[in-house]
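Heads up: the structure comes next, in structure tokens.
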Amino acid sequence: MFQFEQARLGHPGQAVFENLTLHIARGEQVALLGPSGSGKSTLLAALREQQADSVAWCPQSADLVPMLSVFHNIYMGALDRQHSLTNLRNLIWPTRAQKHAIGELADSLGLTDKLFTSVDRLSGGQAQRVALGRAIYSQRQVLLADEPVSSVDEHHGLTLLQQLLGRHDTAVVALHDRSLALQCCSRVIGLRDGIIALDAPCQSLTLADLDALYQ
Ligand code: ADP
Ligand code: MG
């Protein structure tokens, strides 16, 4: 599904990965770990470029439209499924069926009673849940998510991440919580100093193995 062969990835004037070889197959659920600045976001952006049309994207900053409601921000995940005039009509006069579908999704993410609250009035954790809803509502096969539950507490982080992964057959998720990675994913890719320092199935790893990445 994704493949890099001796690739050079980075930003204008700064290579983050000089020589990256990486394959990710359909059906894998990959946790991307590594210290801050190790290249998780850079790699996610490069993965997104490879499969732009099939990716549900959950960026590190929730990137919502602040003046619009939870409903409208979640709806934005599916803008490309309809004609722009249909979108415009739905955004102004949402149908009962859409309110129901997005309302159920918002409820399942812990946003009950917030459906028509504008997102600039939400907490950081609530805004992050809206971004998860928008990614889920896009109904794409592959999830790419950059620290999607960093602003919610540990207990809710686990259920939200399980919910998010349950909706996508293939996923690559940057995480800072190592135990979430082991509980929810099938493979860990650990980044450090511009290389893949660890790449192994979760069953074979302990938290101590993952801690070594950060020392
Ligand atoms: P992580 O997500 O693991 O914290 P990033 O992928 O954001 O790491 O960053 C990897 C490296 O790329 C860092 O050295 C960072 O300073 C650099 N970097 C990130 N974004 C940019 C950018 N837009 N332009 C130039 N360098 C960047
Ligand atoms: Mg990052």
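The values are calculated or read from the model by the stated rules, or taken from the named source; none is laboratory data. Keep in mind the model is a prediction, meaning the values are calculated, not measured. With ideal geometry, Cβ positions are generated from the backbone for all residues, glycine too; neighbour counts draw on all protein chains shown. For accessibility, only protein heavy atoms count, side chains too; no ligands or nucleic acids. Shrake-Rupley method; radii C 1.70, N 1.55, O 1.52, S 1.80 Å.
Please report the spacing between the Cα centers of region 189-205 and region 15-72 in Å, no decimals.
17
Given a 1.4 angstrom probe, what's the average accessible area per residue across region 67-136, in square angstrom? It would help to have the intermediate numbers written out before the result.
Details: 3630 Å² over 70 residues.
Result: 52 Å² per residue.
On the protein heavy atoms, probe 1.4 angstrom, tell me the percent of accessible surface of the chain carried by carbon and sulfur. Before the final figure, lay out each step's value.
Details: 5240 of 10600 Å².
Of all accessible area on the chain, carbon and sulfur atoms account for 49 percent.
If the label point is 7 Å along Cα→Cβ of residue 197, which residues in region 24-55 have backbone nitrogen under 13 Å from it?
Backbone N within reach: 33-40.
Which far-off residues, 5 or more places away or on another chain, put their amide H under 5 Å from the one on residue 197, with H placed in the peptide plane?
So residue 197 has HN proximity to 190, 191, 192.
Taking N as the number of residues in region 103-147, what is its Cα Rg relative to 2.2 N^0.38 Å?
Working: Rg = 10.8 Å, N = 45, 2.2 N^0.38 = 9.3 Å.
Output field value: 1.15.
So if we plug the beta-carbon distance of residue 25 and residue 45 into 1/(1 + (r/R0)^6) with R0 = 22 Å, what FRET efficiency do we get, rounded to 0.05?
My answer for the efficiency is 0.60.
Run through every distinct alpha carbon pair of region 67-136 and return the Kirkwood hydrodynamic radius in angstroms, one decimal place. Spell out each step's value before the answer.
Values: mean 1/r = 0.0836 Å⁻¹.
Hydrodynamic radius (Kirkwood, Cα pairs) of region 67-136 is 12.0 Å.
Quote the FRET efficiency, to the nearest 0.05, computed for residue 82 versus residue 53 with a Förster distance R0 of 22 Å and r equal to the Cβ-Cβ distance. Display every interim value, and only then the final one.
Values: r = 16 Å, r/R0 = 0.72.
Calculated value: 0.90.
Give the separation of the Cα centroids, region 80-95 to region 124-167, in Å.
When both Cα centres are located, 24 Å separates them.
Rounded to the nearest 0.05, what FRET efficiency do residue 121 and residue 179 give with R0 = 35 Å and r taken as the Cβ-Cβ distance? Could you check?
Details: r = 32 Å, r/R0 = 0.92.
Computed FRET efficiency for residue 121 and residue 179: 0.65.
Would you work out the relative contact order for region 67-136, in percent, from Cα pairs under 8 angstrom that are 6 or more residues apart?
Answer for region 67-136 is 56 percent.
Based only on the alpha carbon positions, what is the Kirkwood hydrodynamic radius of the chain, in angstrom? Before the final figure, lay out the partial values.
Numbers: mean 1/r = 0.0557 Å⁻¹.
Across the chain, the inverse of the average 1/r is 18.0 Å.
With a point put 7 Å past each Cα toward its Cβ, work out how far residue 186 is from residue 150 in nm, to one decimal.
Distance between the two pseudo-spin positions: 2.7 nm.
At 222 nm, what value in deg cm²/dmol follows for the chain if DSSP H runs of at least 4 each add -39500 (n - 2.57) and the sum is divided by all its residues, to the nearest 500?
On the way: 8 runs with 78 residues, N = 215.
Value at 222 nm, helices only, nearest 500: -10500 deg cm²/dmol.
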